[in-house]
Each structure stands twice: as structure tokens, then as C-alpha cells.
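Q: Sending over a structure as C-alpha cells; questions will come in a sec.
The values are calculated or read from the model by the stated rules, or taken from the named source; none is laboratory data. Quick caveat: nothing in here was measured; it's all calculated off a predicted structure. Cβ placement follows ideal geometry from the backbone for every residue including glycine, while neighbour counts extend to all protein chains displayed.
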Amino acid sequence: MRKLFQGKNLIVIIGVLGAVVVSALFVKVPLPTILLPAEKIPGLQIGGFHITNTLIATLLADLTVLLIGLLTVRKMSAVPKGLQNLAEWVFEIFESMLTDIGGKEKARAWLPIFLTILLFLLFANWWELVPGFDSVGIIEPVEVAYAQNGVSRGYEIESVAGIVTLTDRQVILDKTRQHEIKTEFAAAEAADEEYHPHETSGGYVLTPLLRAAATDLNLTIGLALFVVLMSHAIGVRKMGLKYFRRFLMPVITGMKPIDFFVGILEFISEFAKIISLSFRLFGNIFAGQVLLFVMAFLVAFLLPLPFMGLELFVGFMQAFVFAILTFIYFEQATHSHAGDEHH
Amino acid sequence: MIEILAPGLAIGLGAIGPGIGIGLLVMGALQAMGRNPEVSGEIRTNMILGIVFAESIAIYALVVALLLLFVGAPGLQ
């Protein structure tokens, strides 16, 4: 322990601490604009369909999974090494885990869908930690951003070595100006022409080109809907129309009051599944993103590092939980309801 | 004023339950690990899974807080 604070180490430690203090005092990072809906990228639309930054991030995560998959299967050998070895290791770990939960047959059948969801969400979540996410994008006047996304706080800009960046000097649109912009924008919309503010306040807003895919509810709800609908499809395939007995208990079993309530509860729980799956993923990743923003805003140097480690863990954990719940829902759908056994 | 207070209360009150829950969860897991150290790996995995589920309840409260903060309640302006 004593050696740690001697010679070279001491210089490094003092240097790092000094950098933290200097960055805390002098390097000011603007707090990024936090928006719940994904930002539409200005000027990028295909036939009236606005491309959002989360959509680009989703495609990026898709490409990553595809690329790794292709690289893995390019050179296959009986004695695995490199990427193939890693892939087989991952495969075996999760296969044995799923076998513990649902048995060998089901584990084999649903491992592909399990791993697809797991890997896709894993890369979608981890991409958020790559520098450039949420920080590289298109800068536009705060008036335009207010008209399109409802952002009322901009920053002054400056040019550092040819790159335009935001400074920490805020420009806030007041209520009367907001109202003016709204009417101007509505007029421009009605005349079907592009909106240009007649005066600008000098404030600018950054619309990032990339933003973590799971911070868009469209992705998480879509995925949750797919999982729940798929579980019904699996149930129907296994048991035919008998599958719906669990929801229509009173009709089948002759109106026992308890069964009636069980049926209602089962029915509601299907919607609860969609909500809990989607909001768990969305909330965790969105909260992590806000956490990273705020930490970088407080002290730009070194302080965000432990939180990035935390986000690495959270990103994996949420992907894993989503995938394992998918498997569990599929597995539950193949069991006939407990009430069916005794008649 | 209420616009600031509402999200704070949403996450503040919403975090009480999951906090107690995670405490109980870890207590049980640690006691189990102390009694049978040989299965502590398996217990730890399940403990982390349980923590994630308990934590997600706090996350729902957080989502409500964020919604109130960034989108605002309808009819509250």
C-alpha cells in the first residue's frame, strides 16, 4: 500500500486529481437536451416518414449483430478457435441455463429467439457508451427546435479547430417568444413551406444523429408486443383452441365464481406483461442515459467512468432479463392451466 | 411549483418499496450463502435477477417522474 503513493504513481495520481479539479472548475459541458420522444433528424425523411436518431441506432445494432454473426460463421472448424470458440461458449452457457428452466427440447427450440433478443438488446444498449453517441449531430437554431420538438433552452455556439460546438452559455426562449414561434410555425405549416424564424436569438440546439435505441418506447413496446403475441401463437400451436380456456374459464367450467376471477386476472396479466417488459427496458436505459448526461455535466473528467461501468452492467442485465422473460412466457404458454386438470 | 414537486414525489415515494424489497432480498440471499457456501454462485445469480425485478418497480416510478418532468401532465399548464 505504501508503494502506491511513491515515485511515478504519485505523479500520476496527482495529475489525475488535478485534471479532475481543473475540469470541474473550468471545463463546462452543456447539459444535453433531454427529450422523451426520439428526435427527428432535420432534413432526413423518406416520403413524409421522418427518420429518428433511435431508428439509426437500431439499424446500427442490427448491423453489429449481423456482422458478428457473419464473421463467426465465415471460417468454421471442428476445433473451434477465436470468434467461433466464443460463440460456442456463449451458446453452451445459455443452452444449459434454458435447459434448467424449460427442459432440453424447449431450450433447443427457443434458444435462437432467446439469443437474438439478447444479443440485439445487448449491442443496442452498449452502443450508447461509445463516444459520439448523443454528442455528434446537427446544430439548428433553438427556434426551429422549439417549433419541431418543443425544446425551449438553447446554447450559444463557438468554433473550436473547425468543429462547431455548444458552449455552456444558455439562451432560454420566454413564453411570449414561444407563443410567437408557435403561430409562425403553424402559418408555415399551413402554407406548406419550410419554417424559417424571422429573428434568431443566437441559441442553438444539438440534435444528435445517434441515440440509444432502447430510449425510444417504439422499440421496446414493439419488441414486447412481439414477445407476448408470439407466446399466444406458441400456446395455440401446442394446445389448439383449448389454449384460450385460461381466459374463458367461466364458459368452460360452468361458472364457478373463483374461476371467473382467475380468468379476468389472466386476461389482465397479458397486458401487464407488455407494459412491464417495455417500461423496464425503456426506463433503465433512459435513466442510465440521463445519469451519464448529468455526471458529465457536473465533472466532465473521470467522474462518468464508474457510471459507464454501471451502465455496462445494466445494459447486459436488462438485455438478459428481457430475453429470459421471453423464454419464461413462451414456456408458460405451453402449460395447460392448473384449473383444467380436474375435469 | 407543483410541476417540480410532482416528479420528485413520484420517484421519492416510489423508491421506498423497492429499497425495502432489495434489502430483504439481499438479506435472504446472504443468509442462504452463509448457510450453504457451496451453492453461493447459483444463489448470487438468482439474487441479481431478483434485484433487477425489484429495481424495475423503482424504474416505473422513475418513468412516471420523467414523464411528468419532460412531457408534463395534461391540463396542468
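Q: Which residue, of A:303, A:291, A:265, A:241, is touching a residue at least 24 places away in the same chain (Cβ under 8 Å) and either closer than 16 Å to residue A:215 by Cβ or more than 14 Å from chain B (Cβ to nearest Cβ) (or both)?
A: Matching residue, one of A:303, A:291, A:265, A:241: A:303.
Q: Which of the residues spanning segment A:113-139 are surrounded by fewer than 19 Cβ atoms within 10 Å (Cβ to Cβ) and in contact with a strand residue (DSSP E or B) (Cβ under 8 Å, 6 or more places away or on another chain)?
A: A:135, A:136, A:138, A:139
Q: Can you tell me which residue among A:342, A:232 is exposed (fewer than 14 other Cβ atoms within 10 Å of the Cβ) and either in a loop (DSSP other than H, G, I, E, B) or at pLDDT 90 or above (or both)?
A: A:342
Q: While we're here: Conditions: (1) surrounded by 12 or more Cβ atoms within 10 Å (Cβ to Cβ); (2) assigned by TED's automatic domain parsing to the domain that holds residue A:319; (3) modelled with pLDDT under 85. Residue A:29 meets all but one. Number of the miss?
A: The number of the failed condition is (2).
Q: Would you please name the residue that is farthest from residue A:335 (Cα to Cα), looking only at residues in segment A:235-286 that are among the acidic types (Asp, Glu) and at pLDDT 80 or above?
A: This residue is A:270.
Q: Pairs only if they're at least six apart or on different chains, beta carbon under 9 angstrom, first in segment A:19-34 and closer than 10 Å to residue A:302 by Cβ, second small (Gly, Ala, Ser) and not in a helix (DSSP H, G or I); list them, first residue then second.
A: Pairs found: A:23/A:300; A:24/A:300.
Q: Next up: When you scan segment A:268-279, do you find a residue that is loosely packed, with under 13 Cβ neighbours inside 10 Å, of a type in the set (Val, Ile, Thr), out of contact with any Pro (no Cβ under 9 Å at 6 or more places or on another chain) and within 12 Å of chain B (Cβ to nearest Cβ), even just one?
A: Yes, some residue in segment A:268-279 is loosely packed, with under 13 Cβ neighbours inside 10 Å, of a type in the set (Val, Ile, Thr), out of contact with any Pro (no Cβ under 9 Å at 6 or more places or on another chain) and within 12 Å of chain B (Cβ to nearest Cβ).
Q: Can you say whether residue A:47 is among the small types (Gly, Ala, Ser), under 30 Å from residue A:145 (Cα atoms) and surrounded by fewer than 17 Cβ atoms within 10 Å (Cβ to Cβ), as far as the supplied structure shows?
A: yes
Q: Further question: Scan segment A:103-142 residue by residue and report those that are under 30 Å from residue A:164 (Cα atoms) and without any contact (Cβ under 8 Å) to a residue 60 or more places away in the chain.
A: A:130, A:131 - these are the residues of segment A:103-142 that are under 30 Å from residue A:164 (Cα atoms) and without any contact (Cβ under 8 Å) to a residue 60 or more places away in the chain.
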